[in-house]
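The block underneath contains the structure these notes are about, expressed in structure tokens.
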Amino acid sequence: MSEDGVSLDAMGPIDYLILQWPTGRASGEGFPVLVDLVDRGLIRILDLAFVRKETDGSVTRLDFDSLPVDGDVDASVFDGVSSGILTADDFADAAAVVDTGAVVGILVYENSWAAPFAVAVRRGGGQLLADGRIPVQAVLAALDATDPDATDPSA
């Protein structure tokens, strides 16, 4: 059982995202969408953290109440969302690939929508052999290669 009483056998696939705001300020536009995904039960946030890559290359963890966000957004709604999966090494690894001065968000989440399917597959003896992501740009390029009008909204 996990800390919140969820059986690991009942969990959906776990993913992560690393997001960068090169200007050092998050726009805040994604926060309400993230809350909506959680409210609708599509995802469950396991960890959410923000760091800034300083000019000397060091990494500073940012508190939600002091997160540099544009607009009228209260990022503190995410305060305390931490399972402990993310470590200082994860923050350093993420900062190593981003611009100096950038704010980086690291989100680890369960795909709750897929949990019933994943549980059924595991119960039936199935095992996950591989998973991955196909970048949107690659899908659009593949569609363009087969049908140039496929991604043209005016077609």
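The values are calculated or read from the model by the stated rules, or taken from the named source; none is laboratory data. For clarity, every value in this text was computed on a predicted model and none was experimentally measured. Neighbour counts run over all protein chains shown; Cβ positions are idealised from the backbone, glycine included. Note: accessible area is taken over every heavy atom of the protein model, side chains too, but ligands, DNA and RNA are not part of it. Shrake-Rupley method; radii C 1.70, N 1.55, O 1.52, S 1.80 Å.
When the chain is treated as a GNM with alpha-carbon contacts under 10 Å, the residue of G125, G30, G71 showing the greatest mean-square fluctuation is G125.
Sequence-distant contacts, meaning Cα pairs under 8 Å at least 6 residues apart, place the relative contact order of the chain at 36 percent.
If you filter region 32-93 for trypsin sites (Lys or Arg not before Pro), then keep DSSP loop positions with at most 11 other Cβ within 10 Å, what is left? Filter output for region 32-93: R40. Computed with every protein chain present, the accessible area of F64 is close to 20 Å² [probe 1.4 Å].
For region 22-129, a simple Cβ point-charge model (Lys and Arg +1, Asp and Glu -1, everything else neutral) yields a dipole of about 600 debye relative to the Cα centre. Split the accessible area of the chain by element, probe 1.4 Å, and carbon with sulfur accounts for 56%. If I compute Cα Rg over 2.2 N^0.38 Å from the structure I just sent, which labelled value in (i) 0.91; (ii) 1.23; (iii) 1.19 lines up? Answer label, from the structure shown: (ii). Using a Gaussian network model of the chain in which every pair of alpha carbons under 10 angstrom is joined by a spring, one finds that among Q20, Q127, Q137 the greatest mean-square fluctuation is at Q137. Along its first, second and third principal axes, ordered by size, region 30-89 spans 41, 30, 15 Å in Cα coordinates.
Annotation note: trypsin sites (Lys or Arg not before Pro) in region 66-145 located in DSSP loop regions with a Cβ neighbour count of at most 12 within 10 Å are R133. Largest GNM mean-square fluctuation across A141, A88, A118, computed for the chain with C-alpha springs under 10 Å, falls on A141. Taking every protein chain into account, the accessible area of the chain amounts to 64 square angstrom per residue (probe 1.4 Å).
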